[in-house]
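Remarks on the structure that follows.
The values are calculated or read from the model by the stated rules, or taken from the named source; none is laboratory data. On a predicted model such as this, the values are computed, not experimentally measured, just so you know. No Cβ is skipped: glycine too gets one built from the backbone with ideal geometry, and neighbour counts run over all protein chains shown. Please note that ligands, DNA and RNA were not included when accessible areas were found on the heavy atoms of the full protein model with its side chains. Shrake-Rupley method; radii C 1.70, N 1.55, O 1.52, S 1.80 Å.
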Amino acid sequence: LEDAAVQAIIRRAKVARIGTLSVNGRPSITPLYFAVVNGHLWLNTADWTLAAREAKADPRVSVLFQVETDPHERRIIRVTGTADVRTDGATIWAYNLRALIKYSWSPGGLWNQWQYRHLLKMMRRYHAQSAAKGNSCVIDITPHHVEILDEPR
């Protein structure tokens, strides 16, 4: 993750797409919000979701990053690594702070929140229902291999 080109794409990407494997070996892809913390990738979800359950059962994961907002950026980053599903309060708090800065307090994030303020009640209801099903968690990925792929034309 230390390569400048890799960092530039990851910094501009809004979601990470995590690839996990079921116990039967079937792949799943889940888009999640993310943060980069001390060379690790932190992806936020709930412990009851498919991504969290599969990462816990088989920690071998791949994560894809793409700059969705720039049609001229055709490169994709693929990170292969090992996942650890964390539910401790300190990790959740640290992730939430980073996500707030990245997704909400950025200029684009503030504008986006203002445009979609009418959805706030629905989002609160969704988060309350999700919390009733289980705990928030962070999928903490230790990268082992990082590569830049050219998107097919």
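A compact table of results
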| read-out | value |
| --- | --- |
| Label-point separation, Ser106 to Trp93 (7 Å along Cα→Cβ), nm | 2.5 nm |
| Leading residue at positive end of dipole, the chain (Cβ point charges), from Pro107, Thr30, Gln7 | Pro107 |
| Net lengthening on full extension, Thr82/Glu2 (0.36 nm per residue, minus Cα-Cα) | 27.0 nm |
| Residue-level accessible surface for Thr49, protein heavy atoms, 1.4 Å, Å² | 30 Å² |
| Fluctuation leader among Lys133, Lys14, Lys56 - the chain, Gaussian network, Cα springs under 10 angstrom | Lys133 |
| Spin-label zone in the stretch 123-140 - amide nitrogen under 17 Å from a point set 7 Å from the Cα of Gln113 along the C-beta vector | 123-125, 127 |
| Accessible carbon and sulfur surface of the chain relative to its total accessible area, %, 1.4 Å | 57 percent |
| Debye-sum result for the chain in log10 I(q)/I(0), which assumes one identical scatterer on each alpha carbon, at q = 0.09, 0.17, 0.18 Å⁻¹ | -0.30, -1.08, -1.19 |
| Cleavage-rule hits, chymotrypsin sites (Phe, Trp or Tyr not before Pro), the stretch 1-46, DSSP coil, Cβ neighbours within 10 Å at most 16 | Tyr33 |
| Cα-centred dipole magnitude for the chain, charges only on beta-carbon of K, R (+1) and D, E (-1), debye, nearest 20 | 660 debye |
| Rounded to the nearest 10 Å², the accessible area of Val85 at probe 1.4 Å | 30 Å² |
| Average accessible area per residue (Å²) across the stretch 50-153 - probe 1.4 Å, nucleic acids and ligands excluded | 68 Å² |
| Loop sites in the stretch 112-153: chymotrypsin sites (Phe, Trp or Tyr not before Pro), DSSP, at most 16 other Cβ within 10 Å | Tyr116 |
